[in-house]
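Data first, discussion second: the structure below is written as C-alpha coordinates.
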Amino acid sequence: MATRHAYGDSGLFVLGYDARSVEANRVNLGACIRATLSGMAARTLAELVRAAAAEHPDKPALLHEDTMLTWTELDALVDRCTSGLLTRVQEPGERVAILLPNTVEFVAAYFGVLRAGLVAVPLNTAYTRAELEHQVQDARASLVITDVEHVSRLDFLPAEQVIVVGGAEPSWELLLAAGEGRVVDDELARGDDLALLLYTSGTTGQPRGAMLTHRALMANLAQLDRIEPSVVAPDDIVLLVLPLFHVYGLNAGLGQVAWAGATAVLAERFDPVETLTLIHDRHVSNIVGAPPMFVAWSMLPDLEANLASVRLAVSGAAPLPPAVLSHLLETTGHHIFEGYGLTETAPVLTTTLCSEVAKPGSVGRPIPGVEVRILDEAGDEVDEDDPGELVVRGPNLFSGYWPDGSGGPDADGWFRTGDIAYADTDHDLFLVDRTKELILVSGFNVYPREVEQVLEAHPDVYEVAVIGVPHPYTGETVKALVVPRTGTSPSADELIEFAARRLARFKCPTSVELVDQLPHSLSGKVAKGRLRDHIDAP
(Lines give C-alpha, C1' and ligand atoms only; values in the text may rest on other atoms or scores of the structure.)
Protein backbone atom coordinates (compact mmCIF):
# COMPACT_ATOMS: atom_id res chain seq x y z
CA MET A 1 0.00 0.00 0.00
CA ALA A 2 1.13 3.58 -0.62
CA THR A 3 2.28 5.19 2.60
CA ARG A 4 0.58 8.44 3.49
CA HIS A 5 3.74 10.18 4.68
CA ALA A 6 5.19 9.88 1.19
CA TYR A 7 2.81 12.57 0.00
CA GLY A 8 2.81 14.78 3.08
CA ASP A 9 4.89 17.58 4.53
CA SER A 10 8.32 16.01 4.17
CA GLY A 11 11.74 17.48 3.39
CA LEU A 12 12.17 19.40 0.14
CA PHE A 13 14.75 18.72 -2.55
CA VAL A 14 14.60 21.24 -5.36
CA LEU A 15 16.14 21.42 -8.79
CA GLY A 16 17.28 25.02 -9.22
CA TYR A 17 16.58 27.04 -12.34
CA ASP A 18 20.23 27.26 -13.34
CA ALA A 19 23.56 28.10 -11.71
CA ARG A 20 22.82 31.84 -11.86
CA SER A 21 19.50 31.47 -10.06
CA VAL A 22 20.92 29.21 -7.35
CA GLU A 23 23.67 31.73 -6.63
CA ALA A 24 21.15 34.57 -6.69
CA ASN A 25 19.05 32.75 -4.11
CA ARG A 26 22.06 32.37 -1.82
CA VAL A 27 22.82 36.08 -2.14
CA ASN A 28 19.21 37.02 -1.50
CA LEU A 29 18.77 34.76 1.52
CA GLY A 30 18.62 37.70 3.91
CA ALA A 31 16.04 39.40 1.74
CA CYS A 32 13.97 36.20 1.68
CA ILE A 33 14.02 36.03 5.46
CA ARG A 34 12.89 39.66 5.65
CA ALA A 35 10.05 38.90 3.22
CA THR A 36 8.91 35.99 5.36
CA LEU A 37 8.90 38.16 8.46
CA SER A 38 7.05 40.91 6.60
CA GLY A 39 4.36 38.55 5.32
CA MET A 40 3.98 36.81 8.67
CA ALA A 41 3.52 40.20 10.34
CA ALA A 42 0.19 40.41 8.54
CA ARG A 43 -2.64 38.34 9.99
CA THR A 44 -5.05 38.84 7.10
CA LEU A 45 -4.85 39.61 3.40
CA ALA A 46 -6.13 43.06 4.29
CA GLU A 47 -2.89 43.80 6.14
CA LEU A 48 -0.43 42.63 3.47
CA VAL A 49 -0.16 45.97 1.67
CA ARG A 50 0.29 47.82 4.97
CA ALA A 51 3.06 45.42 6.00
CA ALA A 52 4.80 45.74 2.63
CA ALA A 53 4.62 49.55 2.84
CA ALA A 54 6.22 49.46 6.30
CA GLU A 55 9.02 47.14 5.14
CA HIS A 56 9.60 48.53 1.63
CA PRO A 57 8.09 52.05 1.57
CA ASP A 58 9.81 53.39 -1.54
CA LYS A 59 10.02 50.20 -3.58
CA PRO A 60 7.80 50.00 -6.67
CA ALA A 61 4.73 47.90 -5.91
CA LEU A 62 2.91 48.14 -9.25
CA LEU A 63 4.09 48.90 -12.76
CA HIS A 64 1.31 49.31 -15.30
CA GLU A 65 1.95 50.97 -18.64
CA ASP A 66 3.23 54.48 -17.71
CA THR A 67 2.10 54.24 -14.07
CA MET A 68 4.35 53.35 -11.14
CA LEU A 69 3.14 53.15 -7.53
CA THR A 70 5.39 52.52 -4.55
CA TRP A 71 4.14 50.41 -1.70
CA THR A 72 3.54 53.59 0.32
CA GLU A 73 1.49 55.10 -2.51
CA LEU A 74 -0.47 51.89 -3.01
CA ASP A 75 -1.17 51.70 0.72
CA ALA A 76 -2.55 55.25 0.67
CA LEU A 77 -4.70 54.46 -2.38
CA VAL A 78 -6.09 51.35 -0.68
CA ASP A 79 -6.92 53.48 2.38
CA ARG A 80 -8.89 55.92 0.24
CA CYS A 81 -10.76 53.08 -1.43
CA THR A 82 -11.49 51.47 1.94
CA SER A 83 -12.83 54.70 3.42
CA GLY A 84 -14.91 55.41 0.33
CA LEU A 85 -16.44 51.93 0.41
CA LEU A 86 -17.37 52.35 4.06
CA THR A 87 -19.46 55.39 3.13
CA ARG A 88 -21.47 53.13 0.79
CA VAL A 89 -21.49 49.72 2.51
CA GLN A 90 -22.20 49.59 6.22
CA GLU A 91 -22.47 45.92 7.19
CA PRO A 92 -19.30 43.79 7.67
CA GLY A 93 -19.15 40.81 5.33
CA GLU A 94 -21.18 42.37 2.53
CA ARG A 95 -20.06 41.36 -0.94
CA VAL A 96 -18.46 43.77 -3.40
CA ALA A 97 -17.91 42.45 -6.93
CA ILE A 98 -14.95 43.54 -9.09
CA LEU A 99 -15.25 43.43 -12.88
CA LEU A 100 -11.92 44.83 -14.04
CA PRO A 101 -8.86 43.74 -16.03
CA ASN A 102 -5.35 43.65 -14.51
CA THR A 103 -5.04 47.33 -13.60
CA VAL A 104 -4.00 49.46 -10.64
CA GLU A 105 -7.70 50.00 -9.92
CA PHE A 106 -8.29 46.24 -9.60
CA VAL A 107 -5.50 45.93 -7.04
CA ALA A 108 -6.68 48.98 -5.07
CA ALA A 109 -10.30 47.81 -5.15
CA TYR A 110 -9.41 44.26 -4.10
CA PHE A 111 -7.32 45.23 -1.10
CA GLY A 112 -9.71 48.09 -0.30
CA VAL A 113 -12.65 45.68 -0.11
CA LEU A 114 -10.69 43.37 2.17
CA ARG A 115 -9.43 46.19 4.41
CA ALA A 116 -13.01 47.37 4.84
CA GLY A 117 -13.98 43.97 6.27
CA LEU A 118 -16.01 43.15 3.17
CA VAL A 119 -15.93 40.17 0.80
CA ALA A 120 -14.42 40.49 -2.69
CA VAL A 121 -16.19 38.78 -5.60
CA PRO A 122 -13.89 38.93 -8.67
CA LEU A 123 -15.84 38.50 -11.91
CA ASN A 124 -14.55 37.10 -15.19
CA THR A 125 -14.26 39.96 -17.69
CA ALA A 126 -15.09 37.55 -20.52
CA TYR A 127 -18.49 36.69 -19.09
CA THR A 128 -21.71 37.63 -20.84
CA ARG A 129 -24.47 39.69 -19.27
CA ALA A 130 -26.41 36.54 -18.30
CA GLU A 131 -23.40 34.93 -16.61
CA LEU A 132 -22.60 38.13 -14.70
CA GLU A 133 -26.21 38.56 -13.64
CA HIS A 134 -26.31 35.07 -12.15
CA GLN A 135 -23.13 35.56 -10.11
CA VAL A 136 -23.87 39.11 -8.91
CA GLN A 137 -27.37 38.15 -7.84
CA ASP A 138 -26.32 34.84 -6.32
CA ALA A 139 -23.64 36.61 -4.25
CA ARG A 140 -26.12 39.35 -3.34
CA ALA A 141 -23.41 41.90 -4.07
CA SER A 142 -24.02 45.38 -2.67
CA LEU A 143 -21.75 47.07 -5.21
CA VAL A 144 -19.91 46.24 -8.42
CA ILE A 145 -16.70 48.06 -9.37
CA THR A 146 -16.10 48.05 -13.13
CA ASP A 147 -14.92 50.24 -16.03
CA VAL A 148 -16.44 51.82 -19.12
CA GLU A 149 -15.61 48.80 -21.27
CA HIS A 150 -17.65 46.37 -19.17
CA VAL A 151 -20.36 48.50 -17.54
CA SER A 152 -22.92 47.87 -20.31
CA ARG A 153 -23.10 44.21 -19.25
CA LEU A 154 -24.30 45.31 -15.81
CA ASP A 155 -27.47 47.02 -17.02
CA PHE A 156 -29.53 44.69 -14.81
CA LEU A 157 -28.32 46.71 -11.79
CA PRO A 158 -29.46 50.17 -10.68
CA ALA A 159 -26.83 52.85 -11.37
CA GLU A 160 -26.22 53.49 -7.67
CA GLN A 161 -24.89 49.93 -7.26
CA VAL A 162 -22.21 50.35 -9.93
CA ILE A 163 -18.90 52.20 -9.49
CA VAL A 164 -17.23 52.99 -12.82
CA VAL A 165 -13.55 53.65 -13.48
CA GLY A 166 -13.06 56.27 -16.22
CA GLY A 167 -15.66 57.64 -18.59
CA ALA A 168 -17.61 60.89 -18.51
CA GLU A 169 -18.77 60.37 -14.93
CA PRO A 170 -16.01 58.43 -13.17
CA SER A 171 -17.73 57.35 -9.95
CA TRP A 172 -14.48 55.62 -8.94
CA GLU A 173 -12.89 59.05 -8.49
CA LEU A 174 -15.88 60.16 -6.42
CA LEU A 175 -15.48 57.07 -4.23
CA LEU A 176 -11.81 57.86 -3.64
CA ALA A 177 -12.62 61.51 -2.93
CA ALA A 178 -15.19 60.43 -0.33
CA GLY A 179 -12.45 58.47 1.43
CA GLU A 180 -9.88 61.27 1.40
CA GLY A 181 -8.55 62.08 4.87
CA ARG A 182 -10.68 59.50 6.71
CA VAL A 183 -9.00 57.30 9.32
CA VAL A 184 -9.08 53.57 8.51
CA ASP A 185 -9.54 50.99 11.25
CA ASP A 186 -7.03 48.20 10.61
CA GLU A 187 -9.03 45.72 12.70
CA LEU A 188 -12.09 45.45 10.44
CA ALA A 189 -11.04 42.07 9.01
CA ARG A 190 -10.21 38.93 11.00
CA GLY A 191 -8.58 35.66 10.03
CA ASP A 192 -11.71 33.53 10.08
CA ASP A 193 -13.73 36.08 8.10
CA LEU A 194 -14.74 35.30 4.55
CA ALA A 195 -12.41 37.20 2.20
CA LEU A 196 -13.19 35.87 -1.27
CA LEU A 197 -16.16 34.42 -3.07
CA LEU A 198 -14.82 32.89 -6.29
CA TYR A 199 -17.21 31.24 -8.68
CA THR A 200 -16.25 27.91 -10.16
CA SER A 201 -18.45 25.94 -12.54
CA GLY A 202 -20.62 23.27 -10.98
CA THR A 203 -21.50 19.85 -12.36
CA THR A 204 -25.17 20.89 -12.59
CA GLY A 205 -24.28 23.69 -15.00
CA GLN A 206 -24.59 26.63 -12.61
CA PRO A 207 -21.34 28.07 -11.17
CA ARG A 208 -21.00 27.92 -7.40
CA GLY A 209 -19.17 30.37 -5.17
CA ALA A 210 -16.20 28.85 -3.34
CA MET A 211 -15.84 30.54 0.05
CA LEU A 212 -12.22 31.35 0.97
CA THR A 213 -11.33 32.93 4.30
CA HIS A 214 -8.41 35.23 5.03
CA ARG A 215 -6.90 32.35 7.00
CA ALA A 216 -7.05 29.89 4.08
CA LEU A 217 -5.59 32.34 1.57
CA MET A 218 -2.83 33.42 3.95
CA ALA A 219 -2.07 29.77 4.71
CA ASN A 220 -1.35 29.09 1.03
CA LEU A 221 0.96 32.11 0.86
CA ALA A 222 2.82 30.91 3.94
CA GLN A 223 3.09 27.42 2.44
CA LEU A 224 4.53 28.77 -0.81
CA ASP A 225 6.96 30.94 1.16
CA ARG A 226 8.53 27.78 2.64
CA ILE A 227 9.61 26.50 -0.79
CA GLU A 228 13.26 26.93 -1.76
CA PRO A 229 14.34 28.54 -4.00
CA SER A 230 11.74 31.23 -3.22
CA VAL A 231 8.91 31.39 -5.70
CA VAL A 232 8.73 35.15 -5.06
CA ALA A 233 11.37 37.08 -3.07
CA PRO A 234 11.50 40.80 -2.16
CA ASP A 235 13.87 41.74 -4.99
CA ASP A 236 11.75 40.03 -7.64
CA ILE A 237 9.83 41.69 -10.46
CA VAL A 238 6.84 39.49 -11.25
CA LEU A 239 4.83 39.45 -14.47
CA LEU A 240 1.10 39.33 -13.69
CA VAL A 241 -0.66 38.71 -16.97
CA LEU A 242 -2.82 35.87 -15.66
CA PRO A 243 -6.23 37.41 -14.97
CA LEU A 244 -6.61 38.60 -11.40
CA PHE A 245 -10.23 37.45 -11.35
CA HIS A 246 -8.83 33.88 -11.33
CA VAL A 247 -7.53 32.47 -8.04
CA TYR A 248 -4.20 31.53 -9.64
CA GLY A 249 -3.38 35.06 -10.73
CA LEU A 250 -4.99 36.57 -7.64
CA ASN A 251 -3.41 34.65 -4.78
CA ALA A 252 -0.50 32.71 -6.27
CA GLY A 253 0.40 35.84 -8.24
CA LEU A 254 -0.69 39.11 -6.61
CA GLY A 255 -0.89 37.58 -3.13
CA GLN A 256 2.71 36.36 -3.27
CA VAL A 257 3.90 39.77 -4.51
CA ALA A 258 2.24 41.49 -1.56
CA TRP A 259 3.47 38.85 0.91
CA ALA A 260 7.09 39.36 -0.21
CA GLY A 261 6.86 43.11 -0.84
CA ALA A 262 8.08 42.47 -4.40
CA THR A 263 7.13 44.37 -7.58
CA ALA A 264 4.30 43.42 -9.95
CA VAL A 265 4.21 44.22 -13.66
CA LEU A 266 0.55 44.28 -14.67
CA ALA A 267 -0.56 43.31 -18.18
CA GLU A 268 -4.23 43.54 -19.11
CA ARG A 269 -4.14 40.88 -21.80
CA PHE A 270 -1.79 38.24 -23.09
CA ASP A 271 -0.16 39.11 -26.38
CA PRO A 272 2.90 36.90 -27.01
CA VAL A 273 5.08 39.58 -28.58
CA GLU A 274 4.01 42.41 -26.27
CA THR A 275 4.45 40.40 -23.08
CA LEU A 276 7.83 39.07 -24.17
CA THR A 277 8.92 42.66 -24.81
CA LEU A 278 7.54 43.61 -21.39
CA ILE A 279 9.62 40.87 -19.75
CA HIS A 280 12.74 42.18 -21.46
CA ASP A 281 12.12 45.90 -20.87
CA ARG A 282 10.95 45.59 -17.26
CA HIS A 283 13.67 43.06 -16.35
CA VAL A 284 11.06 40.58 -15.13
CA SER A 285 12.57 37.93 -12.85
CA ASN A 286 9.50 35.77 -12.20
CA ILE A 287 6.75 34.49 -14.45
CA VAL A 288 3.55 33.08 -12.96
CA GLY A 289 2.04 31.56 -16.07
CA ALA A 290 -0.17 29.03 -17.78
CA PRO A 291 0.55 26.64 -20.68
CA PRO A 292 -0.87 28.80 -23.51
CA MET A 293 1.63 31.54 -22.62
CA PHE A 294 4.64 29.23 -22.86
CA VAL A 295 3.28 27.55 -26.00
CA ALA A 296 2.97 30.94 -27.71
CA TRP A 297 6.39 32.16 -26.55
CA SER A 298 8.03 28.94 -27.74
CA MET A 299 7.11 29.89 -31.31
CA LEU A 300 8.91 33.25 -31.19
CA PRO A 301 12.56 34.07 -32.02
CA ASP A 302 15.17 35.55 -29.66
CA LEU A 303 13.72 33.79 -26.64
CA GLU A 304 17.01 33.46 -24.78
CA ALA A 305 17.74 37.20 -25.01
CA ASN A 306 14.22 38.23 -24.05
CA LEU A 307 14.12 35.86 -21.05
CA ALA A 308 17.63 36.70 -19.84
CA SER A 309 16.37 38.44 -16.68
CA VAL A 310 14.09 35.58 -15.66
CA ARG A 311 15.04 33.72 -12.48
CA LEU A 312 12.05 31.42 -12.11
CA ALA A 313 9.05 30.48 -14.22
CA VAL A 314 6.09 28.43 -13.05
CA SER A 315 3.11 27.08 -14.94
CA GLY A 316 -0.23 25.87 -13.68
CA ALA A 317 -3.97 25.60 -14.40
CA ALA A 318 -3.44 22.91 -17.09
CA PRO A 319 -0.74 20.46 -18.22
CA LEU A 320 2.19 21.92 -20.16
CA PRO A 321 2.96 19.89 -23.31
CA PRO A 322 6.28 18.08 -22.70
CA ALA A 323 7.51 19.05 -26.18
CA VAL A 324 7.09 22.74 -25.30
CA LEU A 325 8.86 22.29 -21.98
CA SER A 326 11.74 20.52 -23.73
CA HIS A 327 11.97 23.18 -26.45
CA LEU A 328 12.13 26.03 -23.92
CA LEU A 329 14.80 24.22 -21.92
CA GLU A 330 16.93 23.61 -25.03
CA THR A 331 16.40 27.13 -26.40
CA THR A 332 16.81 29.21 -23.25
CA GLY A 333 18.28 26.93 -20.60
CA HIS A 334 15.21 27.62 -18.46
CA HIS A 335 13.05 24.89 -16.98
CA ILE A 336 9.37 25.61 -16.41
CA PHE A 337 8.18 24.29 -13.05
CA GLU A 338 4.63 22.92 -13.08
CA GLY A 339 2.05 22.81 -10.33
CA TYR A 340 -1.49 21.79 -9.55
CA GLY A 341 -4.28 23.31 -7.53
CA LEU A 342 -7.93 24.26 -7.34
CA THR A 343 -10.02 27.33 -6.63
CA GLU A 344 -11.14 25.49 -3.51
CA THR A 345 -7.54 25.18 -2.24
CA ALA A 346 -6.47 28.83 -2.55
CA PRO A 347 -5.06 27.45 -4.98
CA VAL A 348 -1.69 25.61 -4.92
CA LEU A 349 -1.46 21.98 -3.78
CA THR A 350 1.61 20.57 -5.52
CA THR A 351 4.60 21.73 -7.56
CA THR A 352 7.65 20.23 -9.21
CA LEU A 353 9.65 22.78 -7.18
CA CYS A 354 9.16 20.28 -4.34
CA SER A 355 10.48 17.34 -6.38
CA GLU A 356 14.06 16.12 -6.47
CA VAL A 357 13.85 16.32 -10.26
CA ALA A 358 11.16 18.22 -12.17
CA LYS A 359 9.80 15.52 -14.46
CA PRO A 360 7.89 16.32 -17.65
CA GLY A 361 4.21 15.50 -17.21
CA SER A 362 4.39 15.52 -13.42
CA VAL A 363 2.71 18.05 -11.12
CA GLY A 364 5.35 17.38 -8.47
CA ARG A 365 4.86 16.82 -4.77
CA PRO A 366 2.65 18.49 -2.16
CA ILE A 367 3.79 21.88 -0.96
CA PRO A 368 4.66 22.19 2.74
CA GLY A 369 1.59 21.86 4.95
CA VAL A 370 -0.54 20.01 2.40
CA GLU A 371 -1.42 16.32 2.79
CA VAL A 372 -2.45 14.20 -0.18
CA ARG A 373 -3.97 10.74 -0.29
CA ILE A 374 -4.76 8.64 -3.37
CA LEU A 375 -7.87 6.55 -2.82
CA ASP A 376 -9.73 3.89 -4.77
CA GLU A 377 -13.52 3.77 -5.16
CA ALA A 378 -13.86 2.03 -1.79
CA GLY A 379 -11.95 4.80 -0.04
CA ASP A 380 -8.81 2.74 0.54
CA GLU A 381 -5.32 3.95 -0.35
CA VAL A 382 -4.08 2.54 -3.64
CA ASP A 383 -0.91 0.59 -4.27
CA GLU A 384 2.12 2.43 -5.57
CA ASP A 385 1.82 3.38 -9.26
CA ASP A 386 -1.94 2.67 -9.22
CA PRO A 387 -4.32 5.54 -10.04
CA GLY A 388 -6.93 6.82 -7.65
CA GLU A 389 -8.76 9.99 -6.65
CA LEU A 390 -6.69 12.76 -5.08
CA VAL A 391 -7.98 13.68 -1.64
CA VAL A 392 -6.30 16.61 0.09
CA ARG A 393 -6.10 18.26 3.49
CA GLY A 394 -4.50 21.48 4.72
CA PRO A 395 -5.17 24.89 6.27
CA ASN A 396 -5.53 26.39 2.77
CA LEU A 397 -8.82 24.62 2.01
CA PHE A 398 -12.03 26.52 1.41
CA SER A 399 -15.04 26.60 3.74
CA GLY A 400 -17.52 25.06 1.31
CA TYR A 401 -19.77 26.56 -1.34
CA TRP A 402 -21.82 29.70 -0.93
CA PRO A 403 -23.98 30.35 0.95
CA ASP A 404 -24.35 27.39 3.32
CA GLY A 405 -20.87 25.85 3.20
CA SER A 406 -22.04 22.66 1.50
CA GLY A 407 -19.57 20.50 -0.41
CA GLY A 408 -16.56 21.49 1.68
CA PRO A 409 -14.00 19.35 3.48
CA ASP A 410 -15.31 16.44 5.56
CA ALA A 411 -15.27 16.25 9.35
CA ASP A 412 -11.61 15.23 9.29
CA GLY A 413 -10.64 18.08 6.96
CA TRP A 414 -10.27 16.01 3.76
CA PHE A 415 -11.54 17.29 0.41
CA ARG A 416 -12.13 15.12 -2.64
CA THR A 417 -10.72 16.90 -5.69
CA GLY A 418 -12.40 14.79 -8.35
CA ASP A 419 -9.04 14.37 -10.08
CA ILE A 420 -7.43 10.99 -10.75
CA ALA A 421 -3.68 10.64 -10.26
CA TYR A 422 -0.95 8.20 -9.44
CA ALA A 423 2.39 8.52 -7.64
CA ASP A 424 5.54 6.98 -9.08
CA THR A 425 8.28 5.28 -7.08
CA ASP A 426 9.78 8.71 -6.28
CA HIS A 427 6.41 9.87 -4.91
CA ASP A 428 5.95 12.41 -7.70
CA LEU A 429 2.34 12.88 -8.75
CA PHE A 430 0.91 12.54 -12.25
CA LEU A 431 -2.64 13.54 -13.18
CA VAL A 432 -4.30 11.04 -15.50
CA ASP A 433 -8.03 11.78 -15.58
CA ARG A 434 -10.95 13.44 -13.89
CA THR A 435 -13.93 11.85 -12.18
CA LYS A 436 -15.95 14.88 -13.21
CA GLU A 437 -16.49 15.89 -16.82
CA LEU A 438 -14.44 19.05 -16.49
CA ILE A 439 -12.89 20.53 -19.64
CA LEU A 440 -9.82 22.76 -19.21
CA VAL A 441 -9.56 25.50 -21.83
CA SER A 442 -6.40 27.56 -21.30
CA GLY A 443 -6.63 26.59 -17.65
CA PHE A 444 -10.24 27.78 -17.24
CA ASN A 445 -12.89 25.34 -16.07
CA VAL A 446 -15.68 24.48 -18.48
CA TYR A 447 -18.36 22.07 -17.31
CA PRO A 448 -20.12 20.35 -20.21
CA ARG A 449 -23.54 20.58 -18.57
CA GLU A 450 -23.49 24.38 -18.60
CA VAL A 451 -22.78 24.42 -22.36
CA GLU A 452 -25.32 21.65 -23.00
CA GLN A 453 -28.07 23.61 -21.25
CA VAL A 454 -27.42 26.61 -23.46
CA LEU A 455 -27.51 24.59 -26.70
CA GLU A 456 -30.60 22.68 -25.56
CA ALA A 457 -32.44 26.00 -25.50
CA HIS A 458 -32.06 26.29 -29.29
CA PRO A 459 -35.41 25.39 -30.90
CA ASP A 460 -33.80 23.06 -33.46
CA VAL A 461 -31.79 21.01 -30.94
CA TYR A 462 -33.22 17.74 -29.68
CA GLU A 463 -30.25 16.46 -27.69
CA VAL A 464 -26.64 17.48 -27.16
CA ALA A 465 -23.46 16.11 -25.61
CA VAL A 466 -20.43 18.31 -24.96
CA ILE A 467 -16.94 16.86 -24.66
CA GLY A 468 -13.39 18.16 -24.46
CA VAL A 469 -11.05 17.53 -27.38
CA PRO A 470 -7.30 18.16 -27.65
CA HIS A 471 -6.15 21.55 -28.89
CA PRO A 472 -2.52 22.47 -29.60
CA TYR A 473 -2.77 25.97 -28.10
CA THR A 474 -5.39 25.85 -25.33
CA GLY A 475 -4.81 22.26 -24.21
CA GLU A 476 -8.47 21.38 -24.72
CA THR A 477 -11.37 22.93 -26.55
CA VAL A 478 -15.13 22.41 -26.47
CA LYS A 479 -16.88 20.22 -29.00
CA ALA A 480 -20.64 19.69 -29.20
CA LEU A 481 -22.37 16.64 -30.65
CA VAL A 482 -25.89 17.70 -31.56
CA VAL A 483 -28.96 15.67 -32.52
CA PRO A 484 -31.29 18.03 -34.45
CA ARG A 485 -35.04 17.93 -34.02
CA THR A 486 -36.92 16.07 -36.73
CA GLY A 487 -37.36 18.20 -39.81
CA THR A 488 -34.69 20.77 -38.88
CA SER A 489 -31.12 21.22 -40.04
CA PRO A 490 -29.31 23.85 -37.96
CA SER A 491 -25.81 24.68 -39.17
CA ALA A 492 -22.73 24.39 -37.01
CA ASP A 493 -22.04 28.12 -37.39
CA GLU A 494 -25.58 28.96 -36.30
CA LEU A 495 -25.26 26.88 -33.13
CA ILE A 496 -21.82 28.27 -32.29
CA GLU A 497 -23.14 31.82 -32.70
CA PHE A 498 -26.17 30.95 -30.53
CA ALA A 499 -23.85 29.77 -27.75
CA ALA A 500 -21.54 32.77 -28.13
CA ARG A 501 -24.38 35.15 -27.25
CA ARG A 502 -24.91 33.35 -23.94
CA LEU A 503 -21.51 32.07 -22.83
CA ALA A 504 -18.02 33.42 -22.28
CA ARG A 505 -15.83 32.83 -25.30
CA PHE A 506 -13.70 30.11 -23.71
CA LYS A 507 -16.83 28.07 -22.93
CA CYS A 508 -18.22 28.20 -26.47
CA PRO A 509 -17.92 25.19 -28.75
CA THR A 510 -15.27 25.66 -31.40
CA SER A 511 -16.83 22.84 -33.40
CA VAL A 512 -20.28 21.30 -33.67
CA GLU A 513 -20.94 17.89 -35.19
CA LEU A 514 -24.49 16.98 -36.19
CA VAL A 515 -25.25 13.31 -35.42
CA ASP A 516 -28.28 11.09 -35.84
CA GLN A 517 -28.24 9.86 -32.27
CA LEU A 518 -26.17 9.69 -29.09
CA PRO A 519 -25.35 6.52 -27.10
CA HIS A 520 -27.22 6.09 -23.81
CA SER A 521 -26.68 4.05 -20.66
CA LEU A 522 -29.32 1.80 -19.13
CA SER A 523 -30.38 4.68 -16.91
CA GLY A 524 -31.06 6.85 -19.96
CA LYS A 525 -28.11 9.20 -19.58
CA VAL A 526 -25.78 9.97 -22.47
CA ALA A 527 -22.87 7.51 -22.27
CA LYS A 528 -20.01 9.92 -22.84
CA GLY A 529 -17.44 7.20 -22.39
CA ARG A 530 -18.62 5.81 -25.73
CA LEU A 531 -17.97 9.10 -27.55
CA ARG A 532 -14.22 8.55 -27.85
CA ASP A 533 -14.43 8.28 -31.64
CA HIS A 534 -15.38 11.98 -31.71
CA ILE A 535 -12.55 13.22 -29.51
CA ASP A 536 -9.64 13.25 -31.95
CA ALA A 537 -10.84 16.04 -34.22
CA PRO A 538 -11.65 19.45 -32.69
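The values are calculated or read from the model by the stated rules, or taken from the named source; none is laboratory data. Just so it is clear, the model here is predicted, and its values are computed rather than measured. Cβ: placed from backbone, ideal geometry, glycine included. Neighbour counts: every protein chain shown. The protein model used for the area step is the full one, side chains on, heavy atoms only, and it has no ligands, DNA or RNA in it. Shrake-Rupley method; radii C 1.70, N 1.55, O 1.52, S 1.80 Å.
Rg/Rh for the range 394-527 stands at 1.05; both radii use Cα atoms, and Rh follows the Kirkwood definition.
Counting only DSSP beta bridges whose two residues both lie in the chain, roughly 60 percent are antiparallel. Around the amide H of Gly369, modelled in the peptide plane, lie the amide H atoms of Asp9, all under 5 Å away and 5 or more residues distant in sequence or on another chain.
Taking the chain as the region of interest, the number of lysine pairs whose Cα atoms are within less than 20 Å, with members eight or more places apart or on different chains, is 8. Entry note, the chain: relative contact order of 14 percent, from Cα contacts under 8 Å with a spacing of 6+ residues.
Relative to the current alpha-carbon distance between Ala378 and Ala130, full extension at 0.36 nm per residue lengthens the span by 85.3 nm.
Computed from backbone phi, the HN-Hα couplings of the range 88-100 come to 10, 10, 9, 8, x, x, 5, 8, 10, 8, 10, 10, 9 Hz, rounded to whole numbers (Karplus: 6.51 cos²θ - 1.76 cosθ + 1.60, θ = phi - 60°; Gly and Pro given as x). At 20 angstrom or more along the helix axis (alpha-carbon based) and mean Kyte-Doolittle of 0.5 or higher, what helices does the chain contain? Whole DSSP H runs only. Correct list, ordered by number: empty. Can you give the Rg/Rh ratio of the range 177-255, where Rg is from the C-alpha atoms and Rh is the Kirkwood radius? Taking Rh as the inverse mean 1/r over Cα pairs, Rg/Rh reads 1.05.
Taking a quarter of the surface of the convex hull around the Cα atoms of the range 304-344, what do you get in nm²?
Computing the convex hull of the Cα atoms and averaging its projections yields 3.3 nm².
Counting only Cβ charges, +1 for Lys and Arg and -1 for Asp and Glu, the dipole size of the range 43-94 around its Cα centre is about 140 debye. Both radii are taken from the alpha-carbon atoms of the range 208-319; with Rh as the Kirkwood radius, Rg/Rh is 0.97. Computed about the Cα centre, the dipole magnitude for the chain is approximately 500 debye when only Lys and Arg (+1) and Asp and Glu (-1) carry charge, each at its Cβ.
Kindly report the accessible area of the chain per residue (heavy atoms of protein chains, probe 1.4 Å, no ligands, DNA or RNA), in Å².
Heavy-atom accessible area per residue stands at 41 Å².
Measuring r between the beta carbons of Ala492 and Val183 and using R0 = 51 Å, the FRET efficiency lands at 0.25.
Using a 1.4 angstrom probe on heavy atoms only, work out the carbon and sulfur share of the accessible area of the range 44-136 in %.
Working: 1370 of 2760 Å².
That fraction is 50 percent.
For Asp66 and Ala500, the FRET efficiency from 1/(1 + (r/R0)^6), where r spans their Cβ atoms and R0 equals 41 Å, is about 0.75.
Label separation (Phe156 vs Asp281): 3.9 nm, computed from points 7 Å beyond Cα along the C-beta direction.
Counting every C-alpha pair in the chain, the share spaced more than 43 angstrom apart comes to 16%. Computed packing ranks the peptides 49-60, 320-331 as 49-60, 320-331, most packed first, by mean other Cβ atoms within 10 Å.
Enter the Cα centre distance for the pair the range 341-360 and the range 100-151, rounded to the nearest angstrom. If we compute the Cα centre of each part, the gap is 28 Å. Taking Cα centre as origin and charging only the Cβ of basic (Lys, Arg, +1) and acidic (Asp, Glu, -1) residues, the dipole magnitude of the range 168-225 rounds to 380 debye.
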